[in-house]
Amino acid sequence: MAAKKLSAKARAAARKQRDKWKNKRWFTIRAPRHPWNFKQIGETIGETDEHIMGRVYEMTQQEFTGDFTKMHVILRFRVSEVVGQDALTTFIGHAHQSDHTRRQIRRYRGKVDDVVDVVTTDGFLVRLKPLMITERRCQTSVKQAMRAKSSEIIRGFASKSNYSKLQEAMLGGDLETEIRNAVKAIYPCKNVVIRKSQLLQTGVVSEKGPTLDEIHAEEERKEAELKAKKEAALAMEDQEESEEPTQSGDLLAAAEAMESIAVKEEVVEKSTEDAGAEETPQSVEESETSVEKDVESDKESESTLMKLKKDELVEKAKAAGLPTSGTKADIVARLLE
């Protein structure tokens, strides 16, 4: 009995237990305000704002910027603030995939890597890890000179730039190009990259760029324009579908007219062949001249009709009880039947 009571209580408690998934909602993950203007980069699900705070979202640079040559670069964003359904993030670093880095290193090539900590003008402490691959093996003294030159370039660039500009230079390749141009005088390099970056300490967040409300308004405007374009395209398709039956009807009417003309010509030919044996040569000539006159009169009537305007042809077709759709040639063909 006790076991039955406990199981009944457990079942009642299970029925009373709420479904946590029903209370969860979707949040839109957005890139930082500057320099990425709150760009949508993904979605995540959570029950409350506290569950979303601190989450790290990863994506490739190809998905972020559309540059397929950067498909091996992984970007990392951390949620730092939640505003309504929007999860605002901070860029916390990037990294190259290890298999891509291994493919760059070949036999008889040299690898020169380093770790450089820099502080930007707005107080962000960032750790950068440059990688230089030489065309051939080189001495240790050459590697030390290349490390010193690259760290000098990186620290000098960071001391004059804020965190946003440093992000653009790292991901865009400007900083790598500057390092390559500086170290090629020491030893020729096959490739120079910033293979990894890591945000160690945040600084002063920039307030530049559009606000979140302005971004929402712009997205609503673009969505409305896209919706209007889709509706216009659907309306055009419906109109084309509705015009297709009328065009097919015109084609059928033209085909019927051509068939009737062919039948009449066959009847005329048979009648002339049958009468040819009984008639004299003079009667045959008279019949041929009459046929030629009929053909000429038909040609004249067709030419005169073609000289008329379409409105006049439409009136003639209405008076004759014929369809008025189609081109001038279609209406003339109906009138000549």
request  = Could you tally the net charge around Tyr187, taking each other residue with its Cβ under 9 Å from the Cβ of Tyr187, Lys/Arg +1 and Asp/Glu -1?
outcome  = +2
query = What is the sum of charges around Thr48, taking Lys and Arg as +1, Asp and Glu as -1, for the other residues whose C-beta is under 12 Å from the C-beta of Thr48?
reply = 0
remark   = Here the Kirkwood hydrodynamic radius of segment 24-96, Cα-based and in Å, equals 12.4 Å
inquiry  = If you take every residue apart from Arg76 with its C-beta less than 12 Å away from the C-beta of Arg76, what net charge results, scoring Lys and Arg +1 and Asp and Glu -1?
reply    = +2
request  = First check a/c for segment 147-186, with a ≥ b ≥ c the square roots of the eigenvalues of its C-alpha gyration tensor; if it is under 1.5, answer rounded, and if not, answer prolate when a/b is larger than b/c or oblate otherwise.
outcome  = oblate
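Determine the alpha carbon to alpha carbon distance for each of Lys129/Lys190; Lys165/Lys196; Lys70/Lys111; Lys160/Lys190 and list only those over 19 Å. Intermediate values should be presented prior to the final figure.
Values: Lys129/Lys190 17 Å; Lys165/Lys196 17 Å; Lys70/Lys111 21 Å; Lys160/Lys190 28 Å.
Where the Cα-Cα span goes over 19 Å, the pairs concerned are Lys70/Lys111; Lys160/Lys190.
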remark   = Over its alpha-carbon atoms, segment 63-158 yields an Rg and a Dmax in Å of 17.2, 57
key: Segments 112-120, 306-314, 150-158 sorted - mean Cβ within 10 Å per residue, highest first   = 150-158, 112-120, 306-314
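Mind jotting down a quarter of the surface of the convex hull over the alpha carbons of segment 97-209, in square nanometres, one decimal?
On the way: hull surface 29.0 nm².
Result: 7.2 nm².
Rule-based calculations on the coordinates, nothing more; no lab input. Predicted, not measured: the structure shown is a model, and the values here were computed from it. Every residue, glycine as well, gets a Cβ built from its backbone with ideal geometry; the counts of neighbours run over all protein chains shown.
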